[in-house]
Amino acid sequence: MAFVTGDVVPTPGEETPFKVVFKRGEEIIIEWPVDSKAAGETDIIETLASLADDEEDGDD
């Protein structure tokens with residue numbers, strides 16, 4: 001089974017300078033534009049935290 005990764009990648013020539021990309025192996029699961037690398041890294045952390053919160057809510 002392939003790991004899921006989340007990265008902030010540069011997007012030269014695009015409307016925003018970076019995008020967040022979640023991939024499973026080589027398959028892109030979801031991506032969205034961000035204004036900075038720091039903003040993208042924050043988005044990744046917040047996304048993972050919200051998934052953990054959802055998992056905890058489901059245990060009740």
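Magnitude of the Cβ-charge dipole of the chain, K/R +1 and D/E -1, about the Cα centre, nearest 20 debye?
Taking the Cα centre of the chain as origin, the dipole is about 520 debye.
Count neighbours as other Cβ atoms within 10 Å of each site's Cβ, and list the chymotrypsin sites (Phe, Trp or Tyr not before Pro) in the chain that are DSSP loop with at most 12 such neighbours.
Here the chymotrypsin sites (Phe, Trp or Tyr not before Pro) that fit, given the DSSP loop and packing criteria, are 3.
Using +1 at the Cβ of each Lys and Arg and -1 at the Cβ of each Asp and Glu in the chain, identify which of 29, 5, 16 lies farthest towards the dipole's positive end.
16
Helix 37-57 sits at what angle to the longest principal axis of the chain, using alpha carbons and giving 0 to 90 degrees rounded to 10?
Orientation of helix 37-57: about 20 degrees from the principal axis.
If N is the number of residues in the chain, what value comes out of its Cα radius of gyration divided by 2.2 N^0.38 Å?
Expressed relative to 2.2 N^0.38 Å, the Cα Rg reads 1.27.
A short reminder: the numbers here are calculations on the coordinates, not readings from a lab. A quick note: this is a predicted structure, and the numbers were derived from the prediction, not measured. Cβ sites come from the backbone with ideal geometry, for glycine too, and all protein chains shown count toward neighbours.
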